[in-house]
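Notes for the one structure printed next.
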Amino acid sequence: MKKVILDCDPGHDDAFAIMLAVQHLDVLGITTIGGNCILENVTKNALKVLEVLDRTDIPVYPGHSCPMTVPLVTAPQFHGETGLDGPVLPEPTVKPRNKHAVDFIVETVMNTDDVTLIATGPLTNIAAAINREPRIVDRVTEISIMGGSVTFGNWTPTAEFNIYVDPEAAYRVFNSGIHVKMSGINLTRQCCLTAEHVKKFREIGTKTANLAADLTEFFIDTTIKSASLSGANMHDACAIAWLIDSSLIKAAAMHIDIELKGELTRGMTVCDYRHLRGADPEIDLCREPQMDFRGEKPNAEAALELDFPGFMELLYKTLKNYN
Ligand code: RIB
Ligand code: CA
């Protein structure tokens, strides 16, 4: 099992990321970051979800409450005032650990080989860990993030929320040398859950499946109202599924950088896929750029296509394995 640290801002879709990661990966710890909601709430939400999964053995470390240089932007219109509105969950019986997320990330990576980082919220904690101890760059296997986009944004026409909230942190991560697997909005929009999926969750009948149903029902409602979409995109779960079963996602190597200055483009993930123009998508998507490629060497893989039926098969199987 891959050893991972999951940095997240639960968040309805972060909760699904936790469900998948906890069962299929060796989660050394969960770190939390202000994003969908304030730090106190996202931390409490992570503890609540772990309690439903009967995995209170997994430690939770609170991280930064706000981005590196700008005020925090939250998303109550999608996740509610608590950050996990919809399901009624009891107060957690376990407290977060008395250590900062950045300290946990640095200490764990410096003392444990082959750790993969996962980030499904703003990248502030990850960037702070790299600044604190640059040697982690050469020690982590890679980082799988939900964030950015190869095409359109969601928070702005060009920027996705996680990157938009802390573009300076994203810039640090994408330029650190750590290999980035980017599940952007262009990919996660393909992971669209509807009332049909809620019905199937309820048929499973366990407390975890009922939590999944309640979360999805609420997220469908807010997504339709706030983004006029047809269902709930389980964005963050895609970044986990990619690590569990790489056949679920088709990706391409490319250079990705972060726009920090543009009035209309701040927070945009600028993806250079000129080497793919005219490429045969069936053969060339993951090819290394040809020598005539004018751009910079790829620092990332960008997810392009999701096997959604395969993703749902993994999710149903996972939910059936919980109580
Ligand atoms: O843009 C989608 C991302 O923003 C997801 O991680 C969601 O949880 C929110 O954090
Ligand atoms: Ca998130």
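So that you can scan it fast, the table gives a plain yes or no per residue for (1) surrounded by 24 or more Cβ atoms within 10 Å (Cβ to Cβ); (2) touching a residue at least 60 places away in the same chain (Cβ under 8 Å); (3) within 14 Å of ligand 1 (Cβ to nearest atom):
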site: P134; (1), (2), (3): no, no, no
site: A170; (1), (2), (3): yes, yes, yes
site: N175; (1), (2), (3): no, yes, no
site: M182; (1), (2), (3): yes, yes, yes
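Yes or no, residue by residue, for (1) without any contact (Cβ under 8 Å) to a residue 40 or more places away in the chain; (2) in contact with an Asp or Glu (Cβ under 9 Å, 6 or more places away or on another chain); (3) closer than 25 Å to M234 by Cβ:
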position	(1), (2), (3)
T82	no, no, yes
D85	no, no, yes
T93	no, yes, no
K99	yes, yes, no
T112	no, no, no
V115	no, no, yes
T120	no, yes, yes
T124	no, yes, yes
S144	no, no, yes
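Keeping to region 144-168, report how many residues are acidic (D, E) and within 12 Å of ligand 1 (Cβ to nearest atom). Show your work before the answer.
Residues of region 144-168 that are acidic (D, E), as a first pass: 160, 166, 168.
Those left that are additionally within 12 Å of ligand 1 (Cβ to nearest atom): 160, 166.
Result for region 144-168: 2.
Could you tell me how many of the residues in region 1-40 are within 9 Å of ligand 1 (Cβ to nearest atom) and of a type in the set (D, E)?
3
On the basis of being within 14 Å of ligand 1 (Cβ to nearest atom) and surrounded by fewer than 24 Cβ atoms within 10 Å (Cβ to Cβ), does A227 make the cut?
Answer is yes for this residue.
Those residues that are crowded, with 24+ Cβ neighbours inside 10 Å and either at positive phi or out of contact with any Ser or Thr (no Cβ under 9 Å at 6 or more places or on another chain) (or both), I need them from region 1-17; list them, please.
If the condition is that a residue be crowded, with 24+ Cβ neighbours inside 10 Å and either at positive phi or out of contact with any Ser or Thr (no Cβ under 9 Å at 6 or more places or on another chain) (or both), then G11, A15 are the ones that fit.
Residue by residue, here is whether (1) assigned to a helix (DSSP H, G or I); (2) among the hydrophobic types (A, V, I, L, M, F, W, C); (3) modelled with pLDDT of 95 or more holds:
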site: F201; (1), (2), (3): yes, yes, yes
site: T208; (1), (2), (3): yes, no, yes
site: A212; (1), (2), (3): yes, yes, yes
site: K225; (1), (2), (3): yes, no, no
site: A241; (1), (2), (3): yes, yes, yes
site: M254; (1), (2), (3): no, yes, no
site: L260; (1), (2), (3): no, yes, yes
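Given the options D114, D85, D166, name the one that is within 16 Å of ligand 2 (Cβ to nearest atom) and surrounded by fewer than 24 Cβ atoms within 10 Å (Cβ to Cβ).
Unique residue meeting the criteria: D85.
The values are calculated or read from the model by the stated rules, or taken from the named source; none is laboratory data. The model shown is predicted, which means the values in this text are computed figures rather than measured ones. Methodologically, a virtual Cβ is constructed for each residue, glycine included, from the backbone with ideal geometry; neighbour enumeration extends over all protein chains shown.
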